[in-house]
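The values are calculated or read from the model by the stated rules, or taken from the named source; none is laboratory data. Since we're looking at a predicted model, the values are computed, not measured. Because the Cβ atoms are built from the backbone with ideal geometry, glycine has one as well, and the counts that use them run over all protein chains shown. Please note that ligands, DNA and RNA were not included when accessible areas were found on the heavy atoms of the full protein model with its side chains. Shrake-Rupley method; radii C 1.70, N 1.55, O 1.52, S 1.80 Å.
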Amino acid sequence: MVARGEMARFWSLESLQMVSADGGTESSVLVDDNGSEEDYSYEELCQANPRYLQPGGEQLAINELISDGSVVHAEALWDHVTMDDQELAFKAGDVIRVLDASNKDWWWGRIEDKEAWFPASFVRLRVNQEDGTENSSSSSIQGEDQDAEVCKYRHKSTENKDQMRTNVIQEIMNTERVYIKHLKDICEGYIRQCRKHTGMFTEAQLNTIFGNIEDIYKFQRKFLKDLEKQYNKEEPHLSEIGTCFLQHQEDFAIYSEYCNNHPSACIELSNLIKHGKYRHFFEACRLLQQMIDIAIDGFLLTPVQKICKYPLQLAELLKYTTQEHSDYNNIKAAYEAMKNVACLINERKRRLESIDKIAQWQVSIVGWEGQDILARSSELIHSGELTKISKQGKSQQRTFFLFDHQLVFCKKDLLRRDMLYYKGRINMDEIELLDLEDGKDKDFNIHIKNALKAVNIVTEEVHLFCAKKQEDKERWLQACSDERKRVWEDKEMGMEISENQKKQAMQNARRSRHGKVKGVGYNGCPVLPPHQNLHPMHQRHITVPTSVPQQQVFALAEPKRKPSPFWHTFTKLTPFKK
């Protein structure tokens, strides 16, 4: 018998109230490694004591299970990087033992021999608290009965794995049904009511707050319908759901727009809720729709959590799917596909952050001419000094910035070296880059060293550049190769930034430049929000961390790209400081 409190589902907004396909409330029964029923599931605890379904009931139930001696493990959804000794650092996929969940935002846990605080929103409780690992006692079996005992053990191990797979399959199905109910509540409980009150909400405000969640709801209903067709009710472990994810992998890209819009939604919603009438209105909508006691911002976070959760669920399902299983290859392919979906969303999120910095850089350049840099570019690839040589042999020291699709060059101010003047740009889509040997160049009739030549294949215009060192030249050649690769990858991934997002980034940068944006300092960097004043909860704990985690929730499936080392150049070469 497994320990009391070993749960069949992880606890989150979706599992505070398990809802069946017909809208009724389910009660799950756990099965341990031997196939026997467990009498103490989280759902049954809630039924036995309704206070677990009240606000904060999740933490209450977890703490009571911990106090009863149960071992509760959580799996990290995202990396948590911290330099605070009071906080627990971990990477996505790490397993954390939960020792205390009294605080809503920060839990106390242990990894190896370190105990510290960690953000509750960065983890989920594992579906199978105890894996069906092999028992080493089988190696000690001796005598004539050894083969029979080994066969019996292997049979038992297979049964355990089937039960584990059943647990994961049921979790996927149940959380999907609950998720559909949340989407329905948002669309019918909030959006429909908001549209009736045109005096309170403009269509632009509703688009900002709710994004494309109605499209997501429409898609998820179809997805759940296909999942139900593949779900084997009699023998859940035989269910073949991998094909559903593969058939809809392109459709999941719909989440990118929602995730990118979500920070703006939070800001807009926060501004409205400051006014009592909006706060009361949203609460009235929740009560009218008979929704669980979660604020509207909690419901609007569920699509972000959901798209990040799929790779984790599929990874766990793959773990308990044998290679002989008919769904093994499809699950494996679905896991990779959903990781790619999450990766694309991460990359789009990163690009949106990048275009804000690029926009701020452009408005700092003196005498900018032509279209905005964001019209064609969304990422800085490389920057540095090069000598530009004209046909007449005249040399000019310039600072170059290589973006995707274009190369911009500027001139430094003679007195204020941190000020740049716009001098021109080169279309990289039409350029063939040549690595030149040291010596005399025939086209320019001069001796060159550490040189490279850019030839426009359309206009046949030729640009000659010289670096100070051979290493600098090699870095530029590599950067130009990276730029072409990035352009190709963006095309393959379908990476696009909308015109509205580009326009908004430029508008924000211009306002920031003139000091008209609240919360923006003189150096153009956002001012951090004030810390929350929280009190210690237990003597054995020093203090609860004083701020909520700032990392984005989108970095899940793949590690983030390392921050570009060239943004510091932007700071040095822009006139933010006098």
How much accessible area per residue does region 254-314 have, in Å², with a 1.4 Å probe?
43
Please report the accessible area of residue 80 (heavy atoms, 1.4 Å probe, ligands and nucleic acids excluded) in Å², nearest 10.
10
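Using the crude model of +1 on Lys and Arg Cβ and -1 on Asp and Glu Cβ, and no other charge, please compute the dipole size for region 349-499 relative to its Cα centre, in debye to 20. Could you put the intermediate results ahead of the total?
Details: 27 positive and 29 negative charges, 156 e Å.
Once rounded to the nearest 20, the dipole reads 740 debye.
Please label the shape of region 246-296 as rounded, prolate or oblate, based on the square roots a ≥ b ≥ c of the eigenvalues of the alpha-carbon gyration tensor (a/c under 1.5 means rounded; beyond that, a/b larger than b/c means prolate, else oblate). Each step should come with its number before you reach the end.
On the way: a/c = 4.72, a/b = 1.75, b/c = 2.70.
The shape class here is oblate.
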How much space per residue, in cubic angstrom, does the convex hull of the C-alpha atoms of region 255-392 take up?
225
Residue 72's amide H: which non-local residues (gap 5+, or another chain) put their own amide H closer than 5 Å, with H modeled 1.01 Å from N in plane and none for Pro or chain starts?
98
Stick to the Cα atoms of region 369-514, pair each with every other, and give me the Kirkwood hydrodynamic radius in Å at one decimal.
16.7
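Which trypsin sites (Lys or Arg not before Pro) does region 203-309 hold that lie in a coil by DSSP with at most 10 other beta carbons within 10 Å? The partial results should precede the final answer.
Working: sites: 218, 221, 222, 225, 229, 233, 274, 277, 279, 286, 306, 309; in loops: 233, 274.
Filter output for region 203-309: 233, 274.
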In Å², nearest 10: area of residue 287 left accessible to a 1.4 Å probe
110
Virtual spin-label span in nm between residue 329 and residue 460, 7 Å along Cα→Cβ:
5.5
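Based on the Cα gyration tensor of region 159-356, what are the three equivalent ellipsoid semi-axes, each the root of five times an eigenvalue, rounded to whole Å and given largest first? Don't skip to the answer; put the middle values down first.
Details: eigenvalues 243, 76, 32 Å².
They are 35, 20, 13 Å, listed largest first.
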For region 316-344 and region 60-119, compute the distance between their C-alpha centroids and round to whole Å.
27
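Region 395-440: which GluC sites (Glu not before Pro) are DSSP loop and have at most 14 other beta-carbon atoms within 10 angstrom?
Working: sites: 430, 432, 437; in loops: 437.
Of the GluC sites (Glu not before Pro), the ones in loops of region 395-440 whose Cβ has at most 14 other Cβ atoms within 10 Å are 437.
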Cβ-based charge dipole, region 329-455, positive-most Cα from 375, 346, 359:
359
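Grab the alpha carbons of region 57-125, take their convex hull, and tell me the volume per residue in Å³. Present the calculation step by step, with values, prior to reporting the outcome.
Numbers: hull volume 5.3 nm³, N = 69.
For region 57-125, the hull spanned by Cα atoms encloses 76 Å³ per residue.
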Diffing region 330-338: the Karplus 3J(HN,Hα) column from phi (6.51, -1.76, 1.60, θ = phi - 60°), in whole Hz with x for Gly and Pro, holds 5, 5, 4, 5, 5, 4, 5, 5, 6
